[in-house]
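Only one structure is covered here, and it is reproduced in the block below.
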Amino acid sequence: CIISGNSANDQGGALYNNGSNGISNPSLTNCIIYGNSTNNGQIYNAGATPTYSYSNIEGGASNFGTDGGNNIDSDPLFVDMPDYNNAPTSEGDLHFYLGSPCIDAGLDSVNTQTHDLDGNARIQGAAIDMGAYEGSGEPHPVYYVNAGRADDNGDGSSWATAKKYLQSGLALNTSVGEIWVA
């Protein structure tokens, strides 16, 4: 699972676990909980003790329950992380860029699905990926800047359409892309 781009008015921008009924102790494996509102806690546990394994938990798994091992707390390098300030929203792209720490970082044995949400084989490479999508990752975008250009009207997607000013190239790079300067 991927839980990203969520917000709550009270507590638990991503998850609110209420253990008062004695049964709300979820176990999450191969999940990503990242990029949610943390104003009142991204994950809130009211008498619950969730367990996280082989997951990417922003803020660290041990801060929100039991660390079952092999967890990380790193930017998952989503192609376009949803903005929780716009929640609820279906915006964003939760596929990974190349180099994501979530690629090949999951636990194969808990997988029950043969395909990911895109219909791709669920396990590719050394191990299953954390989250809902499988694959080697998208290449990082490249933006071009050339001070020799006559104007700054290009879109920066190639040398022929390069931006004139470095600041304009920096403004285009809203994620983990590269900026090439002539």
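The values are calculated or read from the model by the stated rules, or taken from the named source; none is laboratory data. Keep in mind that what you see is a predicted model, and the values were worked out from it rather than measured. Positions of Cβ are generated from backbone atoms using ideal geometry, with glycine treated the same way; all protein chains shown enter the neighbour counts. Just so you know, the surface numbers come from the protein's heavy atoms only, side chains and all, with ligands and any DNA or RNA stripped out. Shrake-Rupley method; radii C 1.70, N 1.55, O 1.52, S 1.80 Å.
For the reader, a short list of remarks on this structure follows.
- Listed by first and then second residue, the pairs with beta-carbon distance under 8 Å, at least 6 apart or on different chains, first residue in segment 52-71 and more than 10 Å from Thr29 (Cβ to Cβ) and of a type in the set (Val, Ile, Thr), second assigned to a loop (DSSP other than H, G, I, E, B) and open to solvent by 20 Å² or more (accessible area, probe 1.4 Å), are Ile57/Tyr34; Ile57/Phe64; Ile57/Asn71; Ile57/Asp73; Thr66/Thr49.
- Whichever residue in segment 47-76 is among the acidic types (Asp, Glu) and assigned to a loop (DSSP other than H, G, I, E, B) and, among such residues, is farthest from Asn17 (Cα to Cα): Asp75
- Of all residues making up segment 36-46, the number that are open to solvent by 10 Å² or more (accessible area, probe 1.4 Å), under 14 Å from Leu15 (Cβ atoms) and part of a loop (DSSP other than H, G, I, E, B): 3
- Restricting Gly22, Gly65, Gly13, Gly59 to those that are touching a helix residue (DSSP H, G or I) at 6+ places or on another chain (Cβ under 9 Å) and either open to solvent by less than 70 Å² (accessible area, probe 1.4 Å) or at pLDDT 95 or above (or both) reduces the list to Gly13.
- Of the criteria (1) in contact with a His (Cβ under 7 Å, 6 or more places away or on another chain); (2) open to solvent by less than 60 Å² (accessible area, probe 1.4 Å), which one Ser74 fails: (1)
- Hits in segment 25-35 - residues which are assigned to a loop (DSSP other than H, G, I, E, B), polar (S, T, N, Q) and at pLDDT 90 or above: Asn30
- Flag for Gly137 being within 23 Å of Pro82 (Cα to Cα), open to solvent by less than 30 Å² (accessible area, probe 1.4 Å) and at pLDDT below 95: yes
- Checking each residue in segment 100-112 for being over 12 Å from the mean Cα position of the chain (by Cα) and either over 15 Å from Cys1 (Cα atoms) or surrounded by 12 or more Cβ atoms within 10 Å (Cβ to Cβ) (or both) picks out Asp104, Ala105, Gly106, Leu107, Asp108, Ser109, Val110, Asn111.
- Options Ser27, Ser4; residue that is among the small types (Gly, Ala, Ser), open to solvent by 30 Å² or more (accessible area, probe 1.4 Å) and under 21 Å from the mean Cα position of the chain (by Cα): Ser27
- Here Pro139 qualifies as within 16 Å of the chain's Cα centre (by Cα) and not small (Gly, Ala, Ser).
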